[in-house]
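Here the structure is laid out as structure tokens; the discussion comes afterwards.
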Amino acid sequence: MTKLGLGTIGTSMITEQFIEAAQASEAYAYQAVYSRHMDKAEIFKGRYQAESAYDDFEDFLSDPDIDVVYVASPNSLHFSQAKAVIEHGKHAIVEKPMVTSLDQWTELTELAKAKGVVVVEAARHIFEPNFVKLTQMIKDFEGIYGATLTYAKYSSRYDNVLAGEEPPIFSPKFAGGAVNDLGIYTVYAALRWFGRPESVHAFSKKVQTGVDGSGTAILRYPDFDVTLHYGKILTATVPSEVYSLDQTLVLDAITGVEQAELVDAKTRERTPVELDKSADNPLIWEAKAFADVMQHPDTSGNKEALDEWLTLSYNVHEVLDQIRQQS
């Protein structure tokens, strides 16, 4: 099978992780790296044996050997760069958040459809085998009574904020902030497990740069509520929980779940859930899934998978829009 020629935008740690996952999947051939700084591009080219390095964006996009581009630039650049990728007839894998508004989401996905290419959001946890297994378990629960989903981890970049600086991850200019970085994982989990909420009620703690440092969102469903806690200026150590009529599912994390247990609602007896050992690179699953859809777009299973991913992504960004507006 012919491998997909991969190009990457960005030279961050997450870009390195995706390149390694793509190469491990054996579905991609690393073709080119783009960075505004040629020295950084050359480092990536040498480290991962790419064919080319570019500091000119148009030259990069015009490379005929690139089939798909992984976009991992600052959040505020995702839309414009992914749009340019699609306009050049290439598939786009865009790090979360794919865009910063629902209008941008619609424009990007409609353009991809018109150009006959695929655009997907790299929300990696929904592809992880343990997350998939837990999703099926939750669907089989007898009644859902609610959930509390938490992802809060102190960022070392907050030290820079406290020192009077404005790093991109905490900068409104670059669409930084907690909900765009970690909160989106909890939104994805909630909507993957419970569907689209009837209403959203959000609250946030702003930091001096103007973005949200932490936040809480309540998603209201007809018969229950889901509470989301997320943050980058604090660290939460409590587990996430899903409540049903007769048991509570307790998770050690939202992404990269390694431990889970079922707690009997009446007896409080705890039963471990058998989970797979985490992959060395957690991006391997999304890399494989995306490659399969891009290489075989016309199979019924892949069409259904892409439709499902896009519907979920749309609903997630609908909720994110409401959280940002209320916050």
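So which residues in the stretch 115-145 are in a helix (DSSP H, G or I), of a type in the set (A, V, I, L, M, F, W, C) and either without any contact (Cβ under 8 Å) to a residue 24 or more places away in the chain or open to solvent by less than 10 Å² (accessible area, probe 1.4 Å) (or both)?
Once the filter is applied, which keeps residues that are in a helix (DSSP H, G or I), of a type in the set (A, V, I, L, M, F, W, C) and either without any contact (Cβ under 8 Å) to a residue 24 or more places away in the chain or open to solvent by less than 10 Å² (accessible area, probe 1.4 Å) (or both), the stretch 115-145 yields PHE131, VAL132, LEU134, ILE138.
Identify the single condition in (1) over 17 Å from ILE126 (Cβ atoms); (2) in contact (Cβ under 8 Å) with a residue 24 or more places away in the chain; (3) in contact with a Ser or Thr (Cβ under 6 Å, 6 or more places away or on another chain) that ARG220 does not satisfy, given that it satisfies every other one.
(2)
For the stretch 73-83, give me each residue that is more than 13 Å from PRO168 (Cα to Cα) and open to solvent by less than 20 Å² (accessible area, probe 1.4 Å). Break it down stepwise before answering.
First pass over the stretch 73-83, keeping only residues more than 13 Å from PRO168 (Cα to Cα): 78-83.
Residues satisfying the conditions are HIS78, ALA82.
Of these, LEU275, LEU320, LEU306, LEU310, which one is in contact with a Ser or Thr (Cβ under 7 Å, 6 or more places away or on another chain), open to solvent by less than 90 Å² (accessible area, probe 1.4 Å) and either part of a loop (DSSP other than H, G, I, E, B) or modelled with pLDDT of 95 or more (or both)?
LEU310
For the subset of the stretch 255-272 comprising residues that are small (Gly, Ala, Ser) and in contact (Cβ under 8 Å) with a residue 40 or more places away in the chain, which member is most open to solvent (accessible area, probe 1.4 Å)?
Taking the stretch 255-272 as the starting set, the residues that turn out to be small (Gly, Ala, Ser) are 256, 260, 265.
Okay, now just the ones that are also in contact (Cβ under 8 Å) with a residue 40 or more places away in the chain, so 256, 260.
Working: GLY256: 28, ALA260: 11 Å².
The qualifying residue most open to solvent (accessible area, probe 1.4 Å) is GLY256.
Which of (1) exposed (fewer than 15 other Cβ atoms within 10 Å of the Cβ); (2) in a helix (DSSP H, G or I); (3) of a type outside the set (Val, Ile, Thr) is the odd one out, the single condition ALA289 does not satisfy?
For ALA289, the failing item is (1).
Taking the stretch 201-217 as the search range and keeping residues that are among the β-branched types (Val, Ile, Thr) and under 20 Å from the mean Cα position of the chain (by Cα), which one is most open to solvent (accessible area, probe 1.4 Å)? Before the answer, list the steps.
Step one: filter the stretch 201-217 for residues among the β-branched types (Val, Ile, Thr), giving 207, 209, 211, 216.
This time we only want the ones that are under 20 Å from the mean Cα position of the chain (by Cα), so: 211, 216.
Details: VAL211: 9, THR216: 41 Å².
Of everything passing the filter in the stretch 201-217, THR216 is most open to solvent (accessible area, probe 1.4 Å).
One line per residue, one yes/no per condition, for (1) touching a Gly at 6+ places or on another chain (Cβ under 6 Å); (2) not in a helix (DSSP H, G or I):
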position	(1), (2)
GLY7	no, yes
ALA21	no, no
GLN31	yes, yes
ASP39	no, no
ILE43	no, no
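Go through the stretch 263-272 and give me each residue that's of a type in the set (S, T, N, Q) and part of a loop (DSSP other than H, G, I, E, B). It would help to see each step written out before you state the result.
First, the residues of the stretch 263-272 that are of a type in the set (S, T, N, Q): 267, 271.
Selection gives THR267 alone.
Determine, yes or no, whether ARG196 is within 18 Å of the chain's Cα centre (by Cα), under 25 Å from GLU286 (Cα atoms) and at pLDDT below 95. First the steps, then the outcome.
Values: within 18 Å of the chain's Cα centre (by Cα): yes; under 25 Å from GLU286 (Cα atoms): yes; at pLDDT below 95: no.
Answer is no for this residue.
What is the residue count in the stretch 19-51 for residues that are free of Cβ contacts under 8 Å to residues at least 40 places away in the same chain, within 26 Å of PRO168 (Cβ to Cβ) and open to solvent by 20 Å² or more (accessible area, probe 1.4 Å)?
Number of matching residues: 11.
Take the residues in the stretch 7-18 that are crowded, with 16+ Cβ neighbours inside 10 Å and free of Cβ contacts under 8 Å to residues at least 40 places away in the same chain, then tell me which one is farthest from ALA84 (Cα to Cα).
Ranking the candidates gives GLU16 first.
Exactly one of these conditions fails for VAL69: (1) under 14 Å from GLY10 (Cβ atoms); (2) over 17 Å from the mean Cα position of the chain (by Cα); (3) surrounded by 23 or more Cβ atoms within 10 Å (Cβ to Cβ). Give me its number.
Exception for VAL69: condition (2).
The values are calculated or read from the model by the stated rules, or taken from the named source; none is laboratory data. From a predicted model like this one, the values you see are computed outputs, not experimental measurements. With ideal geometry, Cβ positions are generated from the backbone for all residues, glycine too; neighbour counts draw on all protein chains shown. Accessible surface is based on the protein model in full, side chains and every heavy atom, while ligands, DNA and RNA are left aside. Shrake-Rupley method; radii C 1.70, N 1.55, O 1.52, S 1.80 Å.
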